[in-house]
Amino acid sequence: MGSSVIQVSPEDVATTEHYRQQKDTAVLCVVFGDFCSSTKLLERLGETKYDELRREREAVITDHITRDSAGAIVKMMGDGFLAVFSEPSTAVGRSLLVQTCLPRDTEFGLRIGIDMGQVVRQRKSGIVSDVFGGRVNRAARIEELANVGSVLSSYVVYDSAVWAQIDAVVAIS
C-alpha cells in the first residue's frame, strides 16, 4: 500500500475555522477551590485583616496554577477560585502543590475539586472570561465533598492522570 497525501484547500480550512469559532467548547480539567469558614473568619478578623490573608493565599494559588502557562485562573470569587488546565496530570499536580504551599490553618483551609470534560468558553473581546457547563458544576460539587487541605477528583481525572508526573511535581515543593 502506498501513502497518499490529502490536499486541503484554503476554503476547507476557512470552513473548519468558522465551525470551530461557532462551537466555542473545549475539553478541559476544571479546578474549583473554596476556602472553608471564610465568612466566620471575616466576621472575627474584620475586613482589612481578612482581605490581607485572602490576598496572600490568592497569590500562592495564582503563582502555582499559572506558572509556565500550565493552567489559567478563570476567576477569583471572594473566597474561592475557578481554574482550567489542558492536562489532568498538571491539574492534579498543581492543585496538590497549592495545598502543600498554603499556610496550614484550620480557619482558612482550602478544599479543591477537579473534574474533566467539555465546557463552554465565554469570551469578551476575544479573551476567555468564563467557562460553564456540567463539568464546572460537578467540580464544585466534588470540592464540597473534599476535606479541608485536600484535593478530590472525579474518576475520569484519576484515570487520565500520569501519576509519575504528579509525584515529580509534588516532590519539587
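The values are calculated or read from the model by the stated rules, or taken from the named source; none is laboratory data. Bear in mind the structure is a predicted one, so any value in this text is a computation, not a measurement. Note that each Cβ is placed from the backbone with ideal geometry, even for glycine, and that neighbours are counted across all protein chains shown. Heavy atoms of the whole protein, side chains included, go into the accessibility calculation; ligands, DNA and RNA do not. Shrake-Rupley method; radii C 1.70, N 1.55, O 1.52, S 1.80 Å.
Key figures
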item: Nonlocal Lys pairs with alpha-carbon distance under 28 Å, the chain (8 or more apart, or different chains); result: 6
item: By average C-beta atoms within 10 angstrom, highest first, the peptides 108-119, 145-156; result: 108-119, 145-156
item: Stokes-Einstein D in µm²/s, Kirkwood radius over Cα pairs - the range 1-105 at 25 °C with 0.890 mPa s viscosity; result: 146 µm²/s
item: Solvent-accessible heavy-atom area per residue, rounded to whole Å², over the chain at 1.4 Å; result: 59 Å²
item: Rounded if a/c under 1.5, otherwise prolate or oblate - the range 36-77, Cα gyration tensor axes; result: prolate
item: Whole-percent carbon and sulfur share, accessible surface of the chain, 1.4 Å; result: 53 percent
